[in-house]
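Below is one structure; the comments refer to it alone.
The values are calculated or read from the model by the stated rules, or taken from the named source; none is laboratory data. Because the structure is predicted, anything quoted here is derived from the model rather than measured. Cβ: placed from backbone, ideal geometry, glycine included. Neighbour counts: every protein chain shown.
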Amino acid sequence: MKVVISLASSSGQLSGVQRHAIGLARCLLIRPEITAVHLLAAPWQQEFVQDSAPVADGRFHLHSTPIGNDALSRNLWYYNSLPRLAKELEADIVHLAYPAPVKRRAFHCPTVVTLHDLYPYDIPENFGFPKVLFNRLVLRRCLDLVDVIACVSQCTLLRLKRMNPNLPPARTRVIYNSVEQPAMHLSETARPPWASQPFLLCVAQHRRNKNIPLALRVFERLLHTGQLPSNTRLLIVGIPGPETSAIEQLVSTAGLTQCVSFLNGISDELLQWCYRNCLLLLAPSAIEGFGLPIAEALLAGCQIVCSDIPAFRELGGNHCDYVPLGPHQIEAFANAVSAAAGRGPRESVAMPQLSAQVIANQYMQLYRSLLSIPEAAADLQETSFLSSRERRYPI
């Protein structure tokens, strides 16, 4: 089976969508039925994808797409060029790493999209007006036209069902992102200069839903009330975005310039070091589709203080300190951070449902159902979700 995964986007740094696509490629290559995985990335994504992708496997192929770095060029490429490229590569499945324009009649094979969230509807401030209207249109059209929507969490699926109550259950599936604890090999020279100081960790892009200003207000209170030592730092790891200017202004006006550090584009090794050496992970997001930092922190044995939202509850279970967002949220977060920081490191939490083997099996079951592979019939007896009429793409 040959699978084409498209992750081409405007992002020039490794973000959640790109990590999902690379993780998907790694998972698929576990399976012997996979004869080729073609990962399609934009020219400006080649370097970081190359560094993270499974290049040692001869079945893996990284392609640089002839695409311009503007919204019109990217969308036209998805609409017109991707179907032709998929045919040239003899793809059995085309998997979109995120919702993008789809010209359904141009594809010769089934299409799958990963749905991470519904931010164009839930947090339009992430996009701005009128851009958000186009994002909504693309999202809806993509979800209408692909064969199957793979949601990264149950809460994302539930949100999708609320938005479209008439969506046939046969066209949706929940498959988590693959998250596993990597080996850590970080040299002394690669550690940050403040490595000997206590620090809180916040892993978040500079977007409205991440609530970074709340994290800063909580940190400010903790320092001013003496609930944390005065030499404690707040480390914010995430790529810049629409909220960067406001965040930087808040850091300046609050007098936190010397004790807040911003990092982006860091190595997996350094990020793992941060999880394992921070006092705790602070995650005050207003809304999430999955919550990758929560999963990574649990695997690393990290204390977690986070907002009480469905995505975090789904992943974190009873292993996190949850704080409701509301009128007294700053005080509530500060008290929770103070208590958690005093407990020290915790035991790593096993998350077998996020393992590469489990995720690979789930995607293979999904792809086989679309292709009506007879060998998969026994596996699909209990979980088959496509009718015979919908299984219209024999190999």
Among the numbered conditions (1) buried (at least 18 other Cβ atoms within 10 Å of the Cβ); (2) in contact with a Leu (Cβ under 7 Å, 6 or more places away or on another chain); (3) assigned to a loop (DSSP other than H, G, I, E, B), tell me where residue 57 comes up short. (1)
Anything in segment 7-27 that is in contact with a helix residue (DSSP H, G or I) (Cβ under 6 Å, 6 or more places away or on another chain) and closer than 17 Å to residue 92 by Cβ? List them, or say none. 27
Kindly list, by first and then second residue, each pair from a residue in segment 256-275 that is over 18 Å from residue 206 (Cβ atoms) and of a type in the set (Asp, Glu) to a residue that is exposed (fewer than 15 other Cβ atoms within 10 Å of the Cβ) and modelled with pLDDT of 95 or more, limited to pairs with Cβ atoms under 9 Å and residues at least 6 apart or on different chains. none
Would you point out which residue out of 304, 266, 294 is under 15 Å from the mean Cα position of the chain (by Cα) and of a type in the set (A, V, I, L, M, F, W, C)? 294
So the check is Cβ under 7 Å with 6+ separation or different chains; which pairs have a first residue in segment 46-66 that's under 15 Å from residue 21 (Cβ atoms) and a second one that's in a strand (DSSP E or B) and polar (S, T, N, Q)? 46/64
Before we move on, is residue 145 over 22 Å from the mean Cα position of the chain (by Cα) and either crowded, with 20+ Cβ neighbours inside 10 Å or not assigned by TED's automatic domain parsing to the domain that holds residue 286 (or both)? yes
Boolean, residue 200 is at negative phi and more than 20 Å from the chain's Cα centre (by Cα): yes
If you go through segment 186-200 one residue at a time, do you hit one that is among the acidic types (Asp, Glu), part of a helix (DSSP H, G or I) and over 24 Å from residue 124 (Cβ atoms)? yes
Test of understanding: among 229, 165, which residue is outside the structural domain of residue 300 (by TED's automatic domain parsing), surrounded by fewer than 14 Cβ atoms within 10 Å (Cβ to Cβ), in a loop (DSSP other than H, G, I, E, B) and more than 24 Å from the chain's Cα centre (by Cα)? 165
Restricted to segment 242-260, and to residues that are crowded, with 16+ Cβ neighbours inside 10 Å and of a type outside the set (D, E, K, R), which residue is nearest to residue 232 (Cα to Cα)? 259
Test residue 127 against the stated conditions and say whether it is within 22 Å of the chain's Cα centre (by Cα) and assigned by TED's automatic domain parsing to the domain that holds residue 361. yes
Checking residue 39 against (1) outside any loop (DSSP other than H, G, I, E, B); (2) exposed (fewer than 13 other Cβ atoms within 10 Å of the Cβ), which single condition isn't satisfied? (2)
Is at least one residue of segment 114-137 at pLDDT below 95, out of contact with any Asp or Glu (no Cβ under 7 Å at 6 or more places or on another chain) and of a type in the set (Gly, Ala, Ser)? yes
Right, residue 240: touching a residue at least 40 places away in the same chain (Cβ under 8 Å) and not aliphatic (A, V, I, L, M) or not? no
